[in-house]
Every structure is written in C-alpha cells, then in structure tokens.
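Colleague: Structure provided below as structure tokens; questions to follow.
Values in this text are rule-based calculations from the coordinates and carry no lab data. What you see is a predicted model; the values in this text were computed from it and never measured. For neighbour counting, all protein chains shown are included, and Cβ atoms are generated from backbone atoms with ideal geometry for every residue, glycine included.
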C-alpha cells in the first residue's frame, strides 16, 4: 500500500525519523496504531454485556441454535 504525503509533512517525518533513529514507516505505524489497551474491568464489562445479549437473543428465538446456523451458512458458501 502506498501513502502519498505532502512534501512538508514528509520532510518533518524524515527529520523526526533521523532524530529518533527510526524509519519513516515505523513512525507512521506508531501514529496509526491503536495504543489504548483494554483493562480488566472493561474486559469483564464487555463479556458481561455479551452474555446478557446472548441470553436475550436465546429467549427471543427458542429452539434455534444460532451457532449451528452460522456454521451451516459458512459451509454453504
């Protein structure tokens, strides 16, 4: 994948890369990377919400196995 940058931005990145002894690609990857890591409380809250949603879906669709349906759809393609 190619990214085109304006010349002034490219020169800034080039100078910063030289100061930090990194490549320009490494600097761009750092800027684009997601830095926020999910802490344990967020993970637990997300899992709790997913379980609650799963139970609600199961109540709305009694007798249906949604997991098996998704597996069957995957192999039909």
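Colleague: Rounding to the nearest 10 and keeping the result within 0 to 90°, find how far the Cα-based axis of helix 66-76 lies from the longest principal axis of the chain.
Modeller: Tilt of helix 66-76: around 70 degrees.
Colleague: May I ask you to sort 4, 48 by Cβ crowding, counting other Cβ atoms within 10 Å and putting the fewest first?
Modeller: With the fewest neighbours first, 4, 48 line up as 4, 48.
Colleague: For percent of Cα pairs over 22 Å apart, several values are listed as [x] 38; [y] 25; [z] 61; flag the one computed from this structure.
Modeller: Looking at percent of Cα pairs over 22 Å apart for this model, the match is [z].
Colleague: Still on this structure: What is the angle, in °, between the Cα long axis of helix 40-60 and the longest principal axis of the Cα atoms in the chain? Nearest 10 is fine, range 0 to 90.
Modeller: Orientation of helix 40-60: about 40 degrees from the principal axis.
Colleague: As a test of the formula, what do you get for the chain when each DSSP H run with n ≥ 4 contributes -39,500 (n - 2.57) and the sum is divided by the residue count, at 222 nm and rounded to the nearest 500 deg cm²/dmol?
Modeller: The helix contribution divided over the chain gives -23000 deg cm²/dmol.
Colleague: Grab the eigenvalues of the alpha-carbon gyration tensor for the range 37-77, scale each by 5, take roots, and send me the semi-axes largest first in whole angstrom.
Modeller: Taking √(5λ) for each Cα gyration eigenvalue gives 27, 16, 5 Å.
Colleague: With everything on Cα atoms, drop me the angle between helix 7-20 and the longest principal axis of the chain, reported from 0 to 90° to the nearest 10.
Modeller: Here the helix axis deviates by roughly 90 degrees.
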